[in-house]
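Values quoted throughout were computed directly from the atomic coordinates according to the rules given, and no laboratory measurement underlies them. Quick caveat, the model's predicted, so the values are computed rather than measured. For neighbour counting, all protein chains shown are included, and Cβ atoms are generated from backbone atoms with ideal geometry for every residue, glycine included.
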Amino acid sequence: MITFKLLGSLGLLIYGMKVMSDALQKMAGPQLRHILARITTNRFTGMLTGAFVTCAVQSSSATTVMTVSFVSAGLLTLAQAISVIMGANIGTTLTAWIMSLGYNVDLSTVVYPAFFVGIVLIYTSRHRIVGDFLYGIAFMFLSLVMLSTTGKEMDLEHNASVVNFFSSFDTGSYLTILAFLAIGTIITCIVQSSAAVMAITILLCSTGVLPIYLGIALVMGENIGTTATANLAALGANVQARRAALAHLLFNVFGVMWVLCVFYPFVDTVCWLVGYDPATGGQRALLPIVLSMFHTCFNVTNTAILIGFIPQMEKVVCRLLPERKNGEDEEFRLQYIQSNLVQTPEISVLQAQMETARFAQYVQEMFGTVRTMLNEYDNKKFTQIFEKVKHKEEITDKMEIEIARYLEGVSNDHLSDITKTKVRQMLREISELESIGDACFNLARTLKRRNEVGMKFNDKLNDKLNEMMDLANASLTQMNVVMTGHSTQHDIGVSYHIEEEINQLRNKQKAENINAVDEHEYDYAMGTMFNDMINECEKLGDYVVNVVQARFGV
């Protein structure tokens, strides 16, 4: 039963921290996003931001994965990400202090009121996220109370076999320290929660069976093991995201290496700061504080040493993970959406927005490729360009499906009303963007039909088509301006004005086309193809307006 209580307490701790972290990220999601996205090149500001965000969400893994996501989305440079990750390592030390508090203060007086208030707020639509946050805190504190109680029930200090087992290790041997460091790393990699391993370490040390040197070795291993989350998440991401995750690993490995060189003096200094004597023992109540103090001193000192070497760290990770040149077969790969990155809906929606904006740029590039076909009559060159347009049209189909599938996955999460609206808007946007791709392909097919029958537009028709295509391209350009910024920064009237010009030009050119055919300036077949081109450009303009309206929420 004690074993089940211990495992259950750890499960509650992990669950409580996850619920609390998710709730905080939902409450402050947009603010956290803007704080990270607008970070300056100042490494100290980046470090402080990372520390602040991690203290807020109570999870260095969440901050690190969020940072990796931002690097993947192109919102943070690698250097900025490294400084944020350094700060995240400092911010995560707050978790250890909270756990130490749980072993020295009776938290049961706060747990039950938090449960009651939390459950009441969860059933109110307006404050349910606050309720989730309180519920998470209540579970976390309850787990700490249960761990403390279970530790007393285990009575390990009077268990001869356990005491003999741990006392059999030579705390003065570096081999022993390295062994426990490896154990801490492996367990953290398996559990994927440094908080849970820290809780076990504090439990064992507080009972007096685990010597402080071995406990600190476990804490050092936890620092390395916790980097596994971001590195696993970045496996399928782009190279910049993998570099950011690797920088996190190198940062902690370097810290462990220099601490090992001065291990005993460093630990003794930390013990002296707390007022604990490792030689005589006693005052076991101070042991959780010693572990928390070491965790803080280790990360603060490591950051102080390495913050001046961020450019060098950037060069190292870039050399270890060089940029790979993408071939034509890899062109489709989504750039910003990384489905294996574990993150909150806010970050997922941001990535989808970035990918949708890229989709919009892609269809305009596709339209530019179609325009090169207008005056190309060499069959070999024309066929090459047509096949390129056809390939791009297939990619637009895939982009629509993949982004929609990703948004459907995001919709399965507990979303705020604002986030739900954004998801619906993006689903509209990608549908219309795919229609723009279809319109471009239809233009290319009309030109292909023209070449197959051996027709050639005269200069007058070419000028008219270029005039229409200029307006269509202007509408695409304005669409991309709207897609890459906030809707409040732009005027939807600009797109409406261009669309009105396209409609007027279409009506004018259709009337002129009928007259030209009647007057035998060119034959009916050529007039029909010209008319198809004009109509398709007008449809493209309609699709563009639909995208802009979706972006504005109209």
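As an exercise, use a Förster radius of 35 Å and the Cβ-Cβ distance of LYS420 and PHE4 to find the FRET efficiency, rounded to the nearest 0.05.
It comes to 0.30.
Calculate the radius of gyration of the Cα atoms of the range 245-306 to one decimal place, then report Dmax, the largest Cα-Cα distance, as a whole number, both in Å.
13.0, 41
Net charge within 11 Å of GLY541 by Cβ-Cβ distance, Lys/Arg positive one each and Asp/Glu negative one each, not counting GLY541 itself?
Spelling it out: positives minus negatives among the neighbours equals -4.
Using 0.36 nm times the number of residues separating ALA179 and LYS398, minus their current alpha carbon distance, what extension gain do you get?
Once the chain is fully extended between ALA179 and LYS398, it gains 73.9 nm.
Anything over 20 Å Cα to Cα? Flag those among LYS392/LYS420; LYS464/LYS539; LYS380/LYS460, in the order listed.
Check vs 20 Å cut-off fails for LYS392/LYS420; LYS380/LYS460.
Charges at C-beta only: +1 for Lys and Arg, -1 for Asp and Glu. How large is the resulting dipole of the range 470-554 about its Cα centre, in Debye rounded to 20?
480 debye
Mind pulling up the Rg/Rh value for the range 443-549? Radius of gyration and Kirkwood radius, both on Cα.
Value, to two decimals: 1.06.
With a 10 Å radius around each residue's Cβ, average the other Cβ atoms per peptide and rank 506-513, 137-144, 434-441, 83-90, highest first.
Descending mean neighbour count gives 83-90, 137-144, 434-441, 506-513.
Bin width 5 Å, alpha-carbon pairs only: give the P(r) of the range 393-504 as whole percents, running from 0 to the bin holding the largest distance.
2, 9, 13, 17, 17, 15, 11, 7, 4, 3, 1, 0
Label points 7 Å out from Cα along the Cβ direction at VAL262 and LYS380: separation in nm?
Each label point is offset 7 Å from its Cα along the Cβ direction, giving 7.1 nm.
Would you mind working out the magnitude of the charge dipole of the range 390-453 relative to its Cα centre, with +1 at each Lys and Arg C-beta and -1 at each Asp and Glu C-beta, to the nearest 20 Debye?
Approximately 320 debye in magnitude.
Sticking with the crude label model, points 7 Å out along Cα→Cβ, report the distance from LYS448 to HIS391 in nm, one decimal please.
1.4 nm
Which Rg and Dmax, in Å, describe the Cα atoms of the range 200-316?
Both quantities, over Cα of the range 200-316: 16.3, 52 Å.
Please give the charge dipole size of the range 497-544, origin at the Cα centre, charges +1 on K and R Cβ atoms and -1 on D and E Cβ atoms. Round to the nearest 20 debye.
Numbers: 4 positive and 12 negative charges, 15 e Å.
I would put it at about 80 debye.
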